[in-house]
Amino acid sequence: MFGGISVWQLLILLVVVILIFGTKKLRTLGGDLGGAVKGFKKAMNSEEEKETEKEAGKIEDQKQDAQFSESAKEEDKNKS
């Protein structure tokens, strides 16, 4: 299964770990690990949101620049 480790060996290892640490300690460790993963995902999502907001801002700036240049061209035509 896992490089020559059978299911029975994994079960024996699990029993030994439970006997050494206890179920309460393992439950706490699992909860802490889950919280860390959740925090990491949240941080990654907020970074992606910031990047998309920056890109949206750049696109809006480009639209405003294009509108300004068009209005400036129209003013130049009207002056001529």
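Bear in mind that the values in this text are calculations on the coordinates, not laboratory data. Here the structure is a predicted model, which means the values were calculated and not measured. As a convention, Cβ positions derive from the backbone with ideal geometry for all residues, glycine included, and neighbour counts pool all protein chains shown.
Placing unit charges on the Cβ atoms only, positive for Lys and Arg and negative for Asp and Glu, gives the chain a dipole magnitude near 860 debye about its Cα centre. Listed values (i) 6.0; (ii) 5.3; (iii) 9.7 include one computed from this model; for mean projected area of the Cα convex hull in nm² that value carries the label (iii).
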